[in-house]
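The values are calculated or read from the model by the stated rules, or taken from the named source; none is laboratory data. Note that the structure is a prediction, hence the values are computed from the model and not measured. A quick note on method: Cβ atoms are made from the backbone with ideal geometry, for glycine too, and the neighbour counts reach across all protein chains shown.
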Amino acid sequence: MIDSFGRNINYLRISVTDLCNLRCKYCIPEQGINKIDNKEILTLEEIEEITKIFVELGVTKVRITGGEPLVRKNVLKLIKNIGSIEKIKDFSITTNGTLLEDYIEELKAFGVNRLNISLDTFNEDRYKYITRGGELQKVLNGIEKAKQMGIYPIKFNVVLVKGFNDDEIKDFVNLTIDEDVHVRFIELMPIGQCKNWSLGKFISNETILNKVKGLEEDKSEDISSPAKYYKLPNAKGKVGLISSISCSFCKDCNRIRLTCDGKLKLCLHSDEEIDLKNPLRNGEDVKQIIINAINKKPQRHNLEDGEYINRNMVAIGG
Ligand code: SAM
């Protein structure tokens with residue numbers, strides 16, 4: 001699918017649930033979010049059907065996300081079915097890692113070839129604080145098992161929060177010295193109901209380049225990746241900077257998102273959503289709806305004027 005700005009849209013992120021077993025302070029309010037009515041949530045069969053339409057239209061790259069994707073009942077069945085769609089060349093999952101130890105063998109068997117794990121600190125107390133109660137050890141066990149099983153590459157998503165984990169920047173970067181892992185720093189976005197919590201805690205990715213000397217630009221990664229990659233000299237792994245706020249990467253954006261309630265999001269930072277669920281349930285031509293929608297993908301997001309979206313990150317899928 002080529003959009004009206006000549007971008008080849010071939011990457012679909014599918015959020016399979018808006019539920020999560022953690023309550024990260026920048027992502028979900030303490031009381032949780034207003035739960036979407038079960039009837040509004042796509043069934044696993046509907047997700048699969050819509051995915052196949054996207055694949056017919058040229059999607060070759062799929063990422064499963066959420067909420068926490070591994071809390072969705074029977075998610076492995078969906079992952080198995082999507083993993084067996086031949087035209088999908090790259091199949092990955094974004095997870096908080098808390099359930100990874102139990103799921104990783106099947107994920108690998110079903111074709112998940114890459115893993116993004118969200119982890120903002122290596123300190124147990126801090127982890128408990130930022131996730132409102134999460135157990136770091138469970139995540140570490142999951143990571144260890146994934147490594148033993150040869151999952152590659154493992155990417156860590158680290159959201160930097162001023163005064164919380166900015167003193168761990170070097171520790172995260174140093175992880176890449178001896179291990180071929182990607183550490184990706186994501187700029188904190190003031191989104192949804194956590195907007196106010198996030199204000200004043202933003203750290204630009206520029207800080208990392210100032211704090212860690214010797215990082216050299218690495219141009220070997222796919223240009224459509226939102227991360228700009230760097231390496232320490234002779235390091236095995238890489239450091240990625242995802243600067244959604246301070247620097248836009250829209251020019252090469254090849255992504256679209258399907259929310260768990262069946263909405264197509266053309267841009268993470270836009271509130272515009274195109275419903276696919278009801279058309280699918282009413283037997284309408286979903287393929288044509290998608291083709292028409294792709295042409296409306298915005299050229300770029302516009303965060304400079306402080307316009308942030310209303311839907312919570314947990315209900316979008318990162
Ligand atoms: N539960 C999964 C996980 O933890 O990776 C997938 C969903 S989570 C919403 C996806 C990613 O979005 C995570 O890496 C999380 O850190 C990131 N995220 C959530 N809220 C964010 C925010 N306000 N700013 C930046 N990143 C955010």
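Numbers at a glance
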quantity	calculated
Wholly enclosed helices (runs of 4 or more DSSP H) of region 22-131 bearing at least 3 residues within 16 Å of the ligand (Cβ to nearest atom)	75-83, 100-109, 124-130
Residues located in region 26-75, provided they are surrounded by fewer than 22 Cβ atoms within 10 Å (Cβ to Cβ) and at pLDDT below 95	TYR26, PRO29, GLU30, GLN31, GLY32, ILE33, ASN34, LYS35, ILE36, ASP37, ASN38
Residue in region 210-228 that is within 15 Å of the ligand (Cβ to nearest atom), in contact with an Asp or Glu (Cβ under 8 Å, 6 or more places away or on another chain) and not hydroxyl-bearing (Ser, Thr, Tyr) present	yes
Close pairs from region 146-160: first under 16 Å from ALA109 (Cβ atoms) and within 16 Å of the ligand (Cβ to nearest atom), partner in a strand (DSSP E or B) and of a type outside the set (A, V, I, L, M, F, W, C), Cβ under 9 Å, at least 6 apart	ILE151/ARG114
